[in-house]
Amino acid sequence: MHLIRRNRILRQSPAIRSMVAETILRPEDLIAPLFITEGIGVREEISSMQGYYRMSIDNTLKEVKELWALGIKSVLLFIKCKDELKDNKGTEALNPNGLMQRSIKAIKDFCPDMIVMTDVALDPFSIYGHDGIVEGNEIVNDVTVDVLAQMSVSHAQAGADFVAPSDMMDGRIMAIRNALENEGFTKTGIMSYSAKYASCFYGPFRDALDSAPGFGDKKTYQMDYANRREAIKETLMDVAEGADIVMVKPAMAYLDIIREVKDKVDIPVSAYHVSGEYAMIKAAAKMGWLDENKAILESLTSIRRAGADIIATYFAKDAANLIN
């Protein structure tokens, strides 16, 4: 046998493997989600997300400092709204002195170069735990979109670099873009959750923010996980409406969707490595069934390999430490 090519030549040492690696994972590719709660000195571990915390603004700033030192340049903010402030109108979501608005201002004052992205959806503020306004047993689209547009402007006024609508209402990207333009926020970006599936992997997140739906589920607005072509349609519509970055969520069970979206659009693609995906790795590592550090890097690299330019992940700090 006369071999023409020995493929193993390019695998024989760490230096060679690094030299020819097709996919590179950098701290700059990562978005760190942050859960913010009221109070001072608060750092509460989330029971279903071992090693992840809800923090008050003061401790959030300490976290931001650590993230920046590791090379992580963007954070995605979620807030835990007090029960007494929740309603079916999104009143607190529009409060210029609300926890989200104060958090944005504090982070931008503390670390002006940190890219601050903000969750735009009503579930943290809703007495029903749904992403929109409820009428009867229906989550109504157009009324919700109006509130989301106002909410986005409120975040921009506080200093957000990107708003990240995660609600999956129809037409909200165009409404948000128009609202931002009309108010003069021509530099505020939109990272749209374009293909957000109705997934069981969101469970720990809802525990973190006490935002589980009070009735029914979210399948009338989030996507059916059986569908592929629908994700492309949703994403292309968001691009046409003015999204700057599109997102696929969750990530690991949807690598095929990430790849197809990447092949179809000419703007950056993000993916959300969600709470359930984080919790599975943590639980398996705790049981000694896999090496946590290796699982982190392999998982995130696979998401990058599939086509994600940016990854929102609860492992952002761990991954940056491993990469560095």
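Does I107 satisfy the criteria of being open to solvent by 20 Å² or more (accessible area, probe 1.4 Å) and in contact (Cβ under 8 Å) with a residue 24 or more places away in the chain? If you could, list the steps in order and put the result at the bottom.
Values: open to solvent by 20 Å² or more (accessible area, probe 1.4 Å): no; in contact (Cβ under 8 Å) with a residue 24 or more places away in the chain: yes.
Considered against the rule, which asks whether it is open to solvent by 20 Å² or more (accessible area, probe 1.4 Å) and in contact (Cβ under 8 Å) with a residue 24 or more places away in the chain, I107 comes out as no.
The residues of segment 9-47 that are within 23 Å of Y202 (Cα to Cα) and open to solvent by less than 30 Å² (accessible area, probe 1.4 Å), listed by number, are D29, L30, I31, A32, P33, L34, F35, I36, T37, I46.
As a summary of the residue check, R17 satisfies the conditions (1) within 27 Å of N97 (Cβ to Cβ); (2) over 18 Å from the mean Cα position of the chain (by Cα) except for the one numbered (1). If the condition is being among the aliphatic types (A, V, I, L, M) and closer than 20 Å to I139 by Cα, then segment 162-186 contributes A164, M168, M169, I173, M174, A175, I176.
For segment 138-155, indicate whether the set of residues that are of a type in the set (S, T, N, Q), open to solvent by less than 30 Å² (accessible area, probe 1.4 Å), touching an Asp or Glu at 6+ places or on another chain (Cβ under 8 Å) and under 16 Å from S166 (Cβ atoms) is non-empty.
Of all residues in segment 138-155, those of a type in the set (S, T, N, Q) come to 141, 144, 150, 152, 154.
Now narrow it down to the ones that are open to solvent by less than 30 Å² (accessible area, probe 1.4 Å): 144, 152, 154.
If we keep only those that are touching an Asp or Glu at 6+ places or on another chain (Cβ under 8 Å) too, we end up with 144.
From what's left, under 16 Å from S166 (Cβ atoms): 144.
Taking every residue of segment 138-155 in turn, at least one turns out to be of a type in the set (S, T, N, Q), open to solvent by less than 30 Å² (accessible area, probe 1.4 Å), touching an Asp or Glu at 6+ places or on another chain (Cβ under 8 Å) and under 16 Å from S166 (Cβ atoms).
The set of residues from segment 61-85 being under 22 Å from D207 (Cβ atoms) and buried (at least 20 other Cβ atoms within 10 Å of the Cβ) comprises V75, L76, L77, F78, I79, C81. Filtered by the rule that a residue be in contact with a helix residue (DSSP H, G or I) (Cβ under 9 Å, 6 or more places away or on another chain), hydrophobic (A, V, I, L, M, F, W, C) and buried (at least 24 other Cβ atoms within 10 Å of the Cβ), segment 312-324 gives F315, A316, A319. The number of residues in segment 292-318 being without any contact (Cβ under 8 Å) to a residue 12 or more places away in the chain and closer than 17 Å to E22 by Cβ comes to 1.
The residues of segment 241-289 that are charged (D, E, K, R), in contact with a Phe, Trp or Tyr (Cβ under 8 Å, 6 or more places away or on another chain) and closer than 26 Å to S47 by Cβ, listed by number, are K249, E277.
The values are calculated or read from the model by the stated rules, or taken from the named source; none is laboratory data. Because the structure is predicted, anything quoted here is derived from the model rather than measured. Note that we place each Cβ from the backbone using ideal geometry, even for glycine, and neighbour counts take in every protein chain shown. Side chains are part of the model used for accessible areas, which takes the heavy atoms of the whole protein and leaves out ligands, DNA and RNA. Shrake-Rupley method; radii C 1.70, N 1.55, O 1.52, S 1.80 Å.
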